[in-house]
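Read through the structure below, which is laid out as structure tokens, and then see the notes.
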Amino acid sequence: MSQQDFRTKVGNTVFGVRATALIVEEGKLLVVEDEDGFYTIGGAIQVGERTEEAVIREVKEELGVKAQARQLAFVVENRFEQAGVHFYNIEFHYLVDLLEDAPLTMQEDERQLPCRWIALNQLHTVPLKPGFLKTVLPEWDGQLRHIHFEK
């Protein structure tokens, strides 16, 4: 039996709660490359799941490796539109340590996508989602930040 995600749709707006892994090593962020840009590992939190558990589960599901949530870095209210649908996500972005070597691909359902390390000081040069990471992550001071992000 699969768990219910913290996602609901009201009219033309999808509301969700997500956990995202910021995997940073040697000044580089691990991202997944898709046809429309780069994004971090993460997904919807399941009902009854702690955010730390969700981010570890997402890393295991998508990268196939064990991880440890180190620190909550950002709580984000992210509003955007995609394909005519409005989204309003509450996102928990954790710094995550991989307990195994990082894979070269990410598995999502039947799709395999390449993983890539991008230097923090070069994030502004790529189409990264969520976009706030381009400017906030390279300058982050280690303190938890609450961010409102609208696109």
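The values are calculated or read from the model by the stated rules, or taken from the named source; none is laboratory data. These numbers were taken from a predicted model, which means no experiment stands behind them. Note that we place each Cβ from the backbone using ideal geometry, even for glycine, and neighbour counts take in every protein chain shown. In case anyone asks, the SASA skips ligands and DNA or RNA and just uses the protein heavy atoms, side chains included. Shrake-Rupley method; radii C 1.70, N 1.55, O 1.52, S 1.80 Å.
Which of the strands (runs of 3 or more DSSP E) found entirely inside the range 38-140 contain at least 3 residues meeting this: in contact with a Ser or Thr (Cβ under 9 Å, 6 or more places away or on another chain)?
Details: elements: 41-44, 67-82, 85-98, 105-108, 111-119.
Counting at least 3 such residues, we get 41-44, 67-82, 85-98, 111-119.
Can we say Thr40 is β-branched (Val, Ile, Thr) and open to solvent by less than 40 Å² (accessible area, probe 1.4 Å)? Quick ask: steps written out before the conclusion?
Working: β-branched (Val, Ile, Thr): yes; open to solvent by less than 40 Å² (accessible area, probe 1.4 Å): yes.
Taking the combined requirement at face value, the residue satisfies it.
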Self-check item: Lone unmet requirement of (1) open to solvent by 40 Å² or more (accessible area, probe 1.4 Å); (2) over 15 Å from Lys28 (Cα atoms); (3) not aliphatic (A, V, I, L, M) for Glu58
Solution: (1)
Exercise. Please state which one of Leu128, Leu123 is in contact with a helix residue (DSSP H, G or I) (Cβ under 8 Å, 6 or more places away or on another chain), within 30 Å of Gly11 (Cβ to Cβ) and modelled with pLDDT of 95 or more.
Key: Leu128
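Yes or no: Arg79 open to solvent by 90 Å² or more (accessible area, probe 1.4 Å) and modelled with pLDDT of 95 or more?
Numbers: open to solvent by 90 Å² or more (accessible area, probe 1.4 Å): yes; modelled with pLDDT of 95 or more: no.
The answer is no for Arg79.
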Quiz item: Looking at (1) touching a residue at least 60 places away in the same chain (Cβ under 8 Å); (2) open to solvent by 20 Å² or more (accessible area, probe 1.4 Å); (3) within 15 Å of the chain's Cα centre (by Cα), can you tell me which one Gly131 breaks?
Solution: (1)
Exercise. Tally the residues that are open to solvent by less than 10 Å² (accessible area, probe 1.4 Å) and not hydroxyl-bearing (Ser, Thr, Tyr), restricting the search to the range 17-33.
Key: 8
Practice problem: Output the residues belonging to the range 96-120 that are open to solvent by 80 Å² or more (accessible area, probe 1.4 Å) and either in contact with a helix residue (DSSP H, G or I) (Cβ under 6 Å, 6 or more places away or on another chain) or under 16 Å from Val32 (Cα atoms) (or both). | Solution: Asp101, Leu104, Asp109, Glu110, Arg111, Gln112, Arg116, Trp117
Practice problem: State whether the residues of the range 21-44 include one that is touching a residue at least 24 places away in the same chain (Cβ under 8 Å) and over 23 Å from Leu137 (Cα atoms). | Solution: no
